[in-house]
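Heads up, the thing below is written out as structure tokens.
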Amino acid sequence: MLHKNHSLKKLNTFGVEAKVKLFAEVFSLDELTNLFADEKVDREKILVLGSGSNILFTKDFDGLVIKLSSSDIKIIDETTNTVLIEADAGVIWNDLVKFCVDRNFGGIENLTLIPGTVGAAPIQNIGAYGHELADYFDSLKGIFIKSGNRKTFSKSDCRFAYRSSIFKEEFKNEFIISSVRLKVSKSSKPNTSYKGLSDYLSKKEIANPTIKDVSDAVTEIRRSKLPDPTKIGNAGSFFKNPVLSENSFRSLKAEYPDIIKFSSDSGQIKISAGWLIEKCGWRGKRTGDVGTSPDHALIICNFGNATGAEILEFAMRIKEEVANKFGIKLEEEVNIF
Ligand SMILES: Cc1cc2nc3c(=O)[nH]c(=O)nc-3n(C[C@H](O)[C@H](O)[C@H](O)COP(=O)(O)OP(=O)(O)OC[C@H]3O[C@@H](n4cnc5c(N)ncnc54)[C@H](O)[C@@H]3O)c2cc1C
């Protein structure tokens, strides 16, 4: 059913107001196909929404927003060591994590409590605590908005990269993911090499953690560190961590010995965007109802009734100061509309 002039305020974790001309909640691929056939629907103006935890609405949208609410999780295939699981796009990501943890299937436990839906997870190749979706991804299915053609994407088709995929680049807003398949393990040991996680487990004296121990640890760490979007509007990290060449990193390190680096891969070094922002004096800074989290400079919050445009303006001021001080151009992780 199509709703007219619908408010998105409760459908995005920044909690900003934006009105949309048409809104529909859809439960299957066939319903989606029927919706596309409706003469009121302009296929040039369609946006898919999951839980709205990685979106900033800066204005009203003169088109159709579709919320996928399909919610099935099923085991497709099982061998001695692996399990192939298929989850609908509308499944809450953490419910899929719980499904695996409850059955002792290993892999995605480090991704516990990332907000959002399964359908959105491949868009930016969600990641945390040393793992990312691509590590366990098998394939996904969906439909091209303009042609209505259905397609299955393999892992290599998706061109996963750090917080990116083909769906954030070439096929941005062109393809609707309807289900995702992951291959998880029945025999792997949890990976606890990420420093924050290993420190936490040592402190709790857990020497040989189970998959559930790791999931519980990640839950506790995240709850203690990140602002809860049901209480304070936010979309997690606003910017990606910049990736530098070894040479650029070396010269920055000479000037700022305390610079935080996360990982290096084939001559590229990922550094902390939060550190850069903090060094510019923006941690805990506020303008009206917009500000960075006092605990996390990378998280921009709506502390009250900020508009999307105000949040974007605040973010752009941060971006400008980081560029001026360090010569580094931060790239938004959040999708801006
Ligand atoms: C407190 C907090 C912590 C976070 N921590 C992390 C973290 O640790 N790691 C991480 O990677 N992310 C993190 N995020 C970001 C967010 O959780 C993820 O990006 C998540 O995958 C977004 O899911 P969603 O359903 O809310 O997507 P939405 O915000 O609804 O949509 C995001 C984008 O995906 C598109 N989209 C959504 N569903 C589909 C679909 N079915 N088909 C095609 N396109 C679709 C939308 O059009 C939009 O462009 C965090 C966010 C918050 C609020």
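The values are calculated or read from the model by the stated rules, or taken from the named source; none is laboratory data. All values reported here derive from a predicted model rather than from experimental measurement. Backbone-built Cβ (ideal geometry, glycine too); neighbour counts: all protein chains shown. With ligands, DNA and RNA removed, areas are computed over all heavy atoms of the protein, side chains included. Shrake-Rupley method; radii C 1.70, N 1.55, O 1.52, S 1.80 Å.
Summary of computed values
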quantity: Cross-link reach list, aspartates and glutamates versus LYS186, counting only Cα pairs under 20 Å and skipping chain neighbours closer than eight places; calculated: ASP77, GLU78, GLU86, ASP95, ASP102, GLU109, GLU132, ASP135, ASP138, ASP213, ASP216
quantity: The chain: DSSP helices with Cα axial extent of at least 20 Å and average Kyte-Doolittle hydropathy no lower than -1.0; calculated: 211-225, 308-326
quantity: Whether the stretch 73-185 is rounded, prolate or oblate, judged on the alpha carbon gyration tensor where a/c under 1.5 counts as rounded; calculated: prolate
quantity: Low-density loop positions, GluC sites (Glu not before Pro), the stretch 161-228 - DSSP coil, at most 15 other Cβ in 10 Å; calculated: GLU169, GLU170, GLU174, GLU205
quantity: Per residue, in Å², the accessible surface of the chain once ligands and nucleic acids are set aside, probe 1.4 Å; calculated: 48
quantity: Cross-link pairs beyond the 27 Å C-alpha cut-off, checked among LYS98/LYS183; LYS168/LYS261; LYS155/LYS279; LYS40/LYS67; LYS19/LYS231; LYS10/LYS203; calculated: LYS155/LYS279; LYS10/LYS203
quantity: Rounded Å value of the spacing that divides the Cα centres of the stretch 1-72 and the stretch 255-275; calculated: 38
quantity: Cleavage-rule hits (trypsin sites (Lys or Arg not before Pro)) in the stretch 278-337: DSSP loop, at most 14 neighbouring Cβ within 10 angstrom; calculated: LYS329
quantity: THR230 accessible area, 1.4 Å probe, all protein chains in place, Å² to nearest 10; calculated: 120
quantity: Cα lying deepest toward the dipole's positive end in the chain, options ILE166, PRO257, THR152, charges on Cβ; calculated: PRO257
quantity: Within the accessible area of the chain (1.4 Å probe), percent carbon and sulfur; calculated: 48
quantity: Kirkwood-Stokes translational diffusion coefficient of the chain, alpha-carbon pairs, 37 °C, 0.692 mPa s, µm²/s; calculated: 155
quantity: Structure-based [θ]222 nm, the chain - -39500 (n - 2.57) summed over DSSP H runs of at least 4, per residue, nearest 500; calculated: -7500 deg cm²/dmol
quantity: Span from the the stretch 73-118 Cα centroid across to the the stretch 297-337 one, whole angstrom; calculated: 33
